[in-house]
1. Would you give the gap between the C-alpha center of region A:24-59 and the C-alpha center of region B:181-228, rounded to a whole Å?
2. Bins of 10 Å, beginning at zero and ending with the bin holding the largest distance: percent of Cα pairs per bin for region B:71-177, please.
3. Could you give me the ³J(HN,Hα) list for region B:148-154, computed from phi with Karplus coefficients 6.51, -1.76, 1.60 and θ = phi - 60°, whole Hz, x at Gly and Pro?
4. Report, to two decimal places, the Cα Rg of region A:41-83 normalised by 2.2 N^0.38 Å (N = number of residues).
5. Suppose a student asked you for the relative contact order of chain B, using Cα pairs under 8 Å spaced at least 6 residues apart; what percent would you report?
6. Which residue, B:Ser198, B:Ser11, B:Ser253, tops the fluctuation ranking in a GNM of chain B built on C-alpha contacts under 10 Å?
7. What is region A:1-63 by shape, rounded, prolate or oblate, if you read a ≥ b ≥ c off the alpha carbon gyration tensor as root eigenvalues and call it rounded for a/c under 1.5, prolate for a/b larger than b/c, and oblate otherwise?
8. Go ahead and collect, in residue order, the members of region A:30-44 whose backbone nitrogen is under 17 Å from a label point 7 Å along the Cα-Cβ direction of A:Thr69.
Amino acid sequence: MNASSSPDLETRLLTLAAARFGKPVASLAPGDDVFEKLGIDSIQAMEMLTEIETTFGVEVPDYELQGVTTFAGIAELVRRRLG
Amino acid sequence: MTAPFVGETLSYAHVGTTLEVTLHRSVPGASCNEIGEQTLRELEALVAYLAAGAGGARALLFASSVPRGFCAGADLRALYEGMVARRGAGAPPVGEVRAFLDRIHAVFDALDTTPLTTVAALHGVVFGGGFELALTCDVLVADKTARFCFPELRLGLVPGFGGIPRLARDVGNAVVRDLLFTGRSLNAQRAQQIGLVSQLVAPGEAVHVARKVAEQAARFDAATSAAAKAFAKPLPSEWLNREKDTFCALFASPVVEAALHKFVTSTDARPYLP
């Protein structure tokens, strides 16, 4: 893990998710389960994935999300794609 | 605006020189215009209207009024329930599926080859059969929320509504293999980069921009436009027929029933993820 970039990415990701689903950003933490915390279904997850890809300018293949449950995990996937 | 047809799953109306088709299937258990028997019947009515002259329309526009997207594909719940019912009656399931595929291929081929210029206005989910419906159109306009996917291999199947031959024709087989073999979805920006989407627009603007495309296409001589389309967009007939054969051969596998059962009984919030 790139210790210098992931915390910033996590913060931006939490802000993005909070804004999209109307949650106070302070209520979200990097280790939270994304689906449980946001209360979203699979199509809403796709919507968030599109926003993540557009915001960060990366592609995150769906299959890489398999088993990734937390905001921190998604941030790490994005970090790998940013290079 | 005149509305020659208002159905349970879709409606169509004349807006200037364009015939606008709006998908609006919203029933319990159907979240985004899933294509089943009723949708097919109403698409068949649309194709009959086109064959009768389309009320003088020069262009055809497809859009969805369902917020979640254009279309999430085939009605898998109905497919599974039909499979179980036929098995309970001692009937082989493939025959009825083949008949359904023959009908939907006839409809999609008619949409693909209609002399009218066809434009898809896309947003949100454009998955499976919904992606395949969009691929019958000449020009795809997508807003930034659109996402494209062929999830069929997760069910032990290949796409069955003609999507593979059409995507290969329009974009290329490397893209087909990427999407088909991984089941991954593409965002609209990437879809534009590979040439699938002609115009990428802000969220909620796809219909507006698609109308402009349709109006522009209608300015040219109708016979010339029809000749240009017949020349530039050949139907990959042989490949389409092989697709139906492949789908039906796979459909007989117990893998499919198990996958469909898992899909319709799942309470997991993530059934669309691989």
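Quick note: the coordinates plus some simple rules give every number you see, no bench work behind them. Source: prediction; values computed, not measured. A quick note on method: Cβ atoms are made from the backbone with ideal geometry, for glycine too, and the neighbour counts reach across all protein chains shown.
1. Here the answer is 28 Å between Cα centres.
2. Values per bin, smallest distances first: 14, 42, 31, 11, 2.
3. 10, 7, 10, x, 4, 4, 5
4. On the way: Rg = 9.6 Å, N = 43, 2.2 N^0.38 = 9.2 Å.
Expressed relative to 2.2 N^0.38 Å, the Cα Rg reads 1.05.
5. Values: 490 pairs, mean separation 52.4, N = 274.
Over chain B, the number comes to 19 percent.
6. B:Ser253
7. Numbers: a/c = 1.62, a/b = 1.09, b/c = 1.48.
Cα axes put region A:1-63 in the oblate bin.
8. A:30-42
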